[in-house]
Amino acid sequence: MNKKNLKRKYERDGYAIIRNVISTKLAKEIENHIDWLTKKHPNTRPEAFHHNMLIHDPFIHHILDQKSILDIVETIIGPNIALFGAHYIAKRPLSGQPVGWHQDGSYWPLEPMDVVSVWLAGTHSTKSNACMKVIPGTQNKRLMKPSEMIKLDTRDYVLDLAIHPDHIDESSSVDIELAPGDISIHNPFIIHGSNANVSDQWRIGLTLRYIPTTTFVNRDGWECALLRGHKQKNISNNYVDKPDFRKKEHMPFNRLS
Ligand SMILES: O=C(O)CCC(=O)C(=O)O
């Protein structure tokens with residue numbers, strides 16, 4: 001898909017799929033990373049490998065440096081790009097948690113809500129192993145406030161809030177089926193979620209949230225990464241340094257993959 005068509009499709013539907021954005025070798029390293037993190041944090045579910053566990057990780061920065069991903073992000077938000085969120089939503093076989101229907105923007109302290117999400121597939125992600133589902137067009141609705149949403153138990157769900165089923169037309173949802181190395185991108189207003197993984201296969205996705213450097217992250221000290229272009233003088237986001245690899249602390253990986 002050329003840049004113009006990608007932007008048009010994203011603006012019309014609130015999401016887009018782009019195939020083969022990273023190599024299958026690098027996607028395999030993502031699988032290895034989940035295995036490594038699972039051993040390092042045996043008491044944390046792999047749906048909950050959150051930003052704080054990833055933002056100083058050299059392997060994550062290796063992914064953030066991938067030109068192929070940044071070029072796609074640039075098409076949507078322009079040349080001055082930062083990351084404000086990284087989160088693995090890796091669902092184990094048989095017992096992977098569902099994600100209730102939600103709009104990402106309901107959770108985020110961004111001013112303005114100018115942001116695009118990348119969902120990067122480390123494994124196949126299909127209807128049978130609980131891929132993400134989106135409801136195209138809902139990016140034009142207003143954002144639901146957390147107080148208007150229903151509370152969920154995080155022992156059973158990845159997120160603690162969901163939009164009430166009365167507001168959801170599941171019949172118009174689309175399954176975002178991806179192969180390792182594919183990505184989808186989505187708008188912060190689009191309604192999306194996913195089922196429980198009851199298949200015998202892992203479903204591994206890395207979500208990456210990109211902002212133009214004109215977007216302010218209004219949360220004290222929140223750690224972002226500047227990835228392309230320049231920062232804005234009047235926007236006081238906190239940009240971390242690129243981490244050095246330390247054998248005892250980090251997963252070894254092939255920098256050429
Ligand atoms: O990984 C999933 O199933 C849901 C992903 C999601 O909610 C997101 O990327 O915002």
Only one residue in Leu152, Leu110 is more than 10 Å from the ligand (Cβ to nearest atom), closer than 26 Å to Asn52 by Cβ and in contact (Cβ under 8 Å) with a residue 60 or more places away in the chain, so which one is that?
Leu110
Within region 202-223, identify whether any single residue is within 16 Å of the ligand (Cβ to nearest atom) and assigned to a loop (DSSP other than H, G, I, E, B), and answer yes or no.
yes
Qualifying position, being surrounded by 20 or more Cβ atoms within 10 Å (Cβ to Cβ) and part of a loop (DSSP other than H, G, I, E, B), among Ile22, Ile76
Ile22
Of everything in region 1-56, what is β-branched (Val, Ile, Thr) and closer than 24 Å to Asp175 by Cα? Give them in sequence order.
Ile17, Ile18, Val21, Ile22, Thr24, Ile30, Ile34
Could you go through region 169-184 and let me know if any residue there is assigned to a strand (DSSP E or B) and within 10 Å of the ligand (Cβ to nearest atom).
yes
Quick one: Phe216 ticks every box in (1) within 30 Å of Lys28 (Cβ to Cβ); (2) touching a strand residue (DSSP E or B) at 6+ places or on another chain (Cβ under 8 Å) except a single one, so which number is it?
(1)
Which ones in region 117-138 are β-branched (Val, Ile, Thr) and more than 11 Å from the ligand (Cβ to nearest atom)?
Thr123, Thr126, Ile135, Thr138
So which of Asp156, Asp200, Asp182 is under 25 Å from Asp35 (Cα atoms), buried (at least 17 other Cβ atoms within 10 Å of the Cβ) and of a type in the set (Asp, Glu)?
Asp182
Condition check for Asn254: modelled with pLDDT under 95 and in a loop (DSSP other than H, G, I, E, B)
yes
In region 96-118, anything under 29 Å from Asp200 (Cα atoms) and touching a Phe, Trp or Tyr at 6+ places or on another chain (Cβ under 9 Å) is listed as Gly96, Gln97, Pro98, Val99, Gly100, Gln103, Asp104, Ser117, Val118
Number of positions in region 68-100 that are of a type in the set (S, T, N, Q) and either under 30 Å from Thr154 (Cα atoms) or within 11 Å of the ligand (Cβ to nearest atom) (or both)
2
Pick from region 97-118, criterion of a type outside the set (A, V, I, L, M, F, W, C) and part of a loop (DSSP other than H, G, I, E, B), ranking: nearest to Ile211 (Cα to Cα)
Asp114
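The values are calculated or read from the model by the stated rules, or taken from the named source; none is laboratory data. Model, not experiment: these values are computed from the prediction. For neighbour counting, all protein chains shown are included, and Cβ atoms are generated from backbone atoms with ideal geometry for every residue, glycine included.
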